[in-house]
Structures are given as structure tokens and as C-alpha cells.
1. Looking only at segment 128-150, which residues are in a helix (DSSP H, G or I) and in contact with a Lys or Arg (Cβ under 9 Å, 6 or more places away or on another chain)?
2. Can you tell me how many residues within segment 64-90 are surrounded by fewer than 24 Cβ atoms within 10 Å (Cβ to Cβ), of a type in the set (Gly, Ala, Ser) and either under 13 Å from Ile109 (Cα atoms) or modelled with pLDDT of 95 or more (or both)?
3. Sort out which residues of segment 341-355 are in a loop (DSSP other than H, G, I, E, B) and farther than 11 Å from Leu317 by Cβ, and write them in order of number.
4. Out of the strands (runs of 3 or more DSSP E) lying entirely within segment 388-477, which hold 1 or more residues that are surrounded by fewer than 24 Cβ atoms within 10 Å (Cβ to Cβ), polar (S, T, N, Q) and in contact (Cβ under 8 Å) with a residue 12 or more places away in the chain?
5. Please work out which one of (1) in a helix (DSSP H, G or I); (2) crowded, with 20+ Cβ neighbours inside 10 Å is the condition Asn173 fails and give its number.
6. Name every residue in segment 306-342 that is under 15 Å from Ala357 (Cα atoms) and surrounded by fewer than 23 Cβ atoms within 10 Å (Cβ to Cβ), in order of residue number.
7. Could you give me the residue pairs with C-beta distances under 7 Å whose first residue belongs to segment 348-367 and is on the phi < 0 side of the Ramachandran plot and in the same structural domain as Ala463 (by TED's automatic domain parsing), whose second residue is among the polar types (S, T, N, Q) and assigned to a strand (DSSP E or B) wherever it lies, and which are 6+ apart or on separate chains?
8. Show the residue pairs that are 6+ apart or on different chains and have beta-carbon atoms under 8 Å apart, the first residue being within segment 230-254 and within 24 Å of Glu202 (Cβ to Cβ), the second being of a type in the set (Ser, Thr, Tyr) and crowded, with 18+ Cβ neighbours inside 10 Å.
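The values are calculated or read from the model by the stated rules, or taken from the named source; none is laboratory data. This is a predicted model, so every value here is computed, not measured. Here the Cβ is made from the backbone with ideal geometry for all residues, glycine too, and neighbour counts use every protein chain on show.
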Amino acid sequence: MADADRMARESAVVTAAATVTAGVPPRVLISGAHRSSGKTTIALGLAAALRARGLAVQPFKKGPDYIDPMWLGHAAWRDCYNLDPYLMSGDAIGAMFAAKAADADVALIEGNQGLFDGVALDGSNSSAALAAMLGMPVVLVIDARGMNRGVAPILLGYQAFDRAVRIGGVVLNRVGSPRHEAKLRAVIEHYTDIPVLGAVREETTVGMTERHLGLVPTNEAACAREQIDRIRAHIAEQVDLDRVLAVARSADPHIGFRSVGTDVPVAVALGGSGLPRARIGVAMDRAFGFYYADDLEALRRAGAAIVPFDTLRDHDLPAVDALFIGGGFPESCAGELAANVSLRGQIAAAVARGMPAYAECGGLMYLARSLIVEGRRHEMVGAIPGDVHMQRRPVGSGYVELEGTGHAPHGPGRIRGAVFRAHEFHYSAIAGLPPDTRYAYRVRRGYGVDGENDGIVVRNLVASYSHLRSIAGADWARQFVDFVVHAGAARVDHAVEPAHAA
């Protein structure tokens with residue numbers, strides 16, 4: 001990158017986060033030199049170990065992800081929030097960080113991919129850019145398998161690549177033996193000024209189980225707490241927690257963040273009455289668990305009462321005004337979902353009579369006519385006239401850019417020509433949709449349903465492979481609640497008219 005370009009980027013980063021406020025805690029970003037370096041295990045262990053010391057640890061995850069935040073939230077005993085430079089403005093990131101970390105003793109962000117990886121050529125949406133934006137040092141996790149003297153040029157290169165990013169320390173992961181560790185420490189001490197904060201041995205009992213979308217989510221892992229406790233003990237024994245805290249405390253004290261628009265008093269959100277404007281049923285179980293904590297908060301701020309229901313065990317739909325079925329792994333529970341005939345029928349009837357509904361990815365799969373897994377067909381809800389087939393390779397993966405068609409009853413797709421960003425990651429495809437299927441979005445980047453469209457519209461249902469964030473430009477949560485309230489009022493007015501006429 002040319003010096004002028006680098007200076008312009010650094011200036012923009014500082015300007016975006018330059019509102020100085022009190023209450024921003026020590027903070028550190030945990031990143032790897034590359035993906036699968038073990039940074040999630042290190043981040044989980046640090047969050048759990050620091051919490052075990054009595055510290056309030058606020059976890060964050062960089063980028064689009066549902067599963068890592070579940071684990072980080074379990075480890076810290078606090079909801080984990082996603083900070084995404086591709087989907088969020090610098091002001092929005094700063095505001096969320098300030099609001100959620102204000103009462104914490106330390107904030108910990110887990111990066112995604114490698115430190116400098118990202119969609120943009122200039123690295124403006126990388127983990128490194130996020131660290132610079134928030135004025136925080138980086139703890140770099142190095143997969144040390146098969147490595148010796150070569151660790152030095154890697155660290156020196158990462159230091160030199162972007163001087164706006166400060167590497168506060170390194171954790172050597174998957175170290176083979178005490179002798180291997182000693183060699184690595186000697187090399188790093190001789191050639192660099194980066195402190196080694198810990199050396200973590202390879203240990204199969206603390207490994208994280210993975211599947212095609214990453215780690216197995218905590219809503220499926222029955223022994224999640226025991227697994228986190230094992231990781232905590234493993235990391236606490238081999239990483240110097242005091243030195244990690246010292247790195248976190250070295251974060252830039254001159255960068256603070258405005259906290260605006262993130263917390264609305266309940267009485268204001270609910271129209272002053274303290275009563276919810278709408279009851280929204282949200283599928284929360286082993287099949288469906290992909291929900292951003294701030295999206296659920298946005299629904300509540302808009303006046304919704306969240307009513308959880310279990311698609312596997314509940315035979316009756318709770319008394320709700322609308323449905324939200326997020327992502328997850330319905331393919332792992334296809335037989336159980338199919339067996340719950342009563343609930344499937346009630347959901348189908350609710351959508352058919354016009355109940356407002358929103359579904360993302362796994363929710364779309366569940367609402368389809370059937371789900372075919374390894375050649376076996378499982379009957380699903382049938383609200384969407386199409387059949388979902390699981391594939392061996394990803395069908396859609398990464399960030400998407402969508403354009404509203406004007407066909408959506410609610411959400412950003414209701415505005416024709418509106419352009420906004422989202423993300424997708426799915427191993428399934430839907431087939432057999434009628435030629436006259438209406439879509440909420442045109443796909444400008446990504447795949448969606450068929451490479452050109454996403455957001456299947458059926459009456460008041462919008463079901464997409466894309467996952468939205470309820471942020472500026474795609475404030476779907478507030479728009480959804482407003483639509484639900486309006487739809488409910490319209491139903492009531494329609495119902496009382498004949499009585500008055502009589």
C-alpha cells in the first residue's frame with residue numbers, strides 16, 4: 001500500500017472513533033495469522049479464565065458469525081456481540097462497543113480469518129482494521145506445528161505490514177514439547193520485541209468439534225459447560241493471564257466511543273404503557289439458534305415480547321402475533337422436525353392466513369415443502385412451495401449485497417431499489433418453486449435462492465438465505481414489529497366492522 005493511501009486510511013480510522021468518553025475498559029483483540037490457527041479456543045479459554053478471576057469480561061466477535069459468539073457468551077456469562085466493518089459503520093461499531101463494554105472490566109474481541117484478511121483490497125474490513133479503529137492491541141495466535149526459526153519473519157512481517165496495528169503479544173499454539181517451546185521463545189526473543197504471553201500444548205480433550213458451518217453450536221452441545229471448563233483450565237495453566245491483562249490495559253486511552261441509539265427505555269419503546277406492542281414467536285432449540293443478540297434487543301426496543309418456542313418438542317404454537325425462525329441446523333434434526341406434525345400444521349396454517357413471518361436460511365428450509373438429506377425426504381411445514389436439497393459443497397458463502405424489489409410486505413425489501421448488505425452461508429438449495437414466485441430482493445453480490453433472487457415472499461412471510469443485521473440501512477427488526485402491529489390493528493378493525501354494522 002502506498003504511504004499516502006496508508007495515511008489516509010489511518011486518518012479515517014481515527015476520525016471514525018475519535019469521540020473521547022469515560023468508561024471504555026481495557027481491551028484486546030485475539031487474532032490468528034491465518035484461519036484455523038486455534039484463536040477460538042484461545043479466546044474462549046481467556047474469557048473463561050479471566051471471568052473465573054472475578055472479572056466482568058465482555059466478549060465480541062468480529063464479522064458475521066453465530067456459533068463462535070454462542071461459545072464466547074457461555075465462557076464469559078455475558079451476551080457476545082458482533083462487530084462487522086463490512087456491515088456496520090465506524091460510528092455504529094463504536095457505539096455498540098461502548099454500550100456493551102461500559103460496565104465490563106475487560107473487553108475481548110475474537111477476530112475472524114487471519115489478522116489482515118478481508119473482502120476489501122485495502123484491508124478496511126479486516127480484523128486489523130477493527131483493532132486500529134477501536135485503539136486496541138492484538139494478541140496474535142500462531143499455529144506453531146512444524147515451526148522453528150521461521151516464526152521470526154512471520155512476526156516481523158505482521159509488525160511491519162501495518163504500523164497502525166500494534167501486536168501486543170503472541171500466544172504459541174499447538175506446541176509439540178517443552179524443547180519445541182524453548183526454541184520458539186529463544187527465536188522470538190532474539191529477533192523481535194514481541195512478548196510471548198503463553199505456549200499452549202496440543203491437547204485433544206480441549207479440541208472443538210466442527211461441522212460444515214464451523215463449530216457445533218452450544219444449543220446442540222450438551223456438554224458445553226464442561227468443555228469450556230476444560231479449555232479454561234488448559235489456557236489458564238499455559239498462558240500468563242496477568243500479561244494478557246497488561247496488554248489489554250495498554251489500549252489507546254485517547255480513543256473513546258459515543259454510545260448513542262443502543263439503549264431505549266422500555267416504557268418509551270412500548271409506547272409508555274409498559275406492555276408489548278406485539279408478541280413474536282421465536283424458534284429457539286437444537287434446530288434453530290442463529291440469532292444476533294442485538295437483533296433480539298432491537299425487536300424488544302421496537303416493542304416486541306419475545307416468545308420462545310421449540311420446533312422439536314412443542315406440539316402447539318404459542319399465542320403470538322408473528323413468527324421469526326432464524327438459522328441453524330434443521331438438517332441435523334430433520335427427522336424430529338418432520339415428526340412434529342401438529343406444530344408443522346399450525347405454522348403452515350398461520351402463514352396461510354397471513355400471520356407476519358420472517359425466516360432466515362434454516363428457517364427457510366423448515367418452512368419449505370420438504371428437506372432432502374442424503375437422499376431421504378423429510379416433510380417440512382409446506383408454507384413455501386419448494387423442496388430443499390442438502391449439497392456436499394457450499395451453495396452460497398460470504399457477504400451479499402441485495403436490492404429491494406418492493407414486493408416484500410416488511411423489511412428493507414419493501415422499498416424498491418434500496419441497496420443493503422447482509423451475509424449468507426448455506427449448503428442447501430431450494431428447487432421446484434413456481435415460476436411466479438415473488439422475491440423481496442435482487443442479488444447484486446452473492447447467491448441467495450438462485451444467484452439472482454432471494455427473500456421468498458408468501459403472503460406476509462419473507463424467507464431468505466441471507467441473514468440481515470438490524471442496523472442502519474437494513475433496520476428489519478423495527479420495520480417488522482411496526483408491520484406486525486399494523487397488521488394486527490387491521491385485523492381488529494376488520495373484525496369489528498360487521499358487529500358495528502349489525
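1. Ala129, Leu130, Ala131, Ala132
2. The qualifying residues number 1.
3. Scanning segment 341-355 gives Arg353, Gly354.
4. Ranges flagged: 396-404, 428-431, 453-458.
5. The single condition Asn173 does not satisfy is (1).
6. Ile306, Val307, Pro308, Phe309, Leu317, Pro318, Ala319, Val320, Asp321, Gly326 - these are the residues of segment 306-342 that are under 15 Å from Ala357 (Cα atoms) and surrounded by fewer than 23 Cβ atoms within 10 Å (Cβ to Cβ).
7. Going by the 7 Å Cβ cut-off, the qualifying pairs are Glu360/Ser464; Leu364/Ser464; Met365/Ser428.
8. What qualifies is Ile231/Thr41; Ile235/Thr41.
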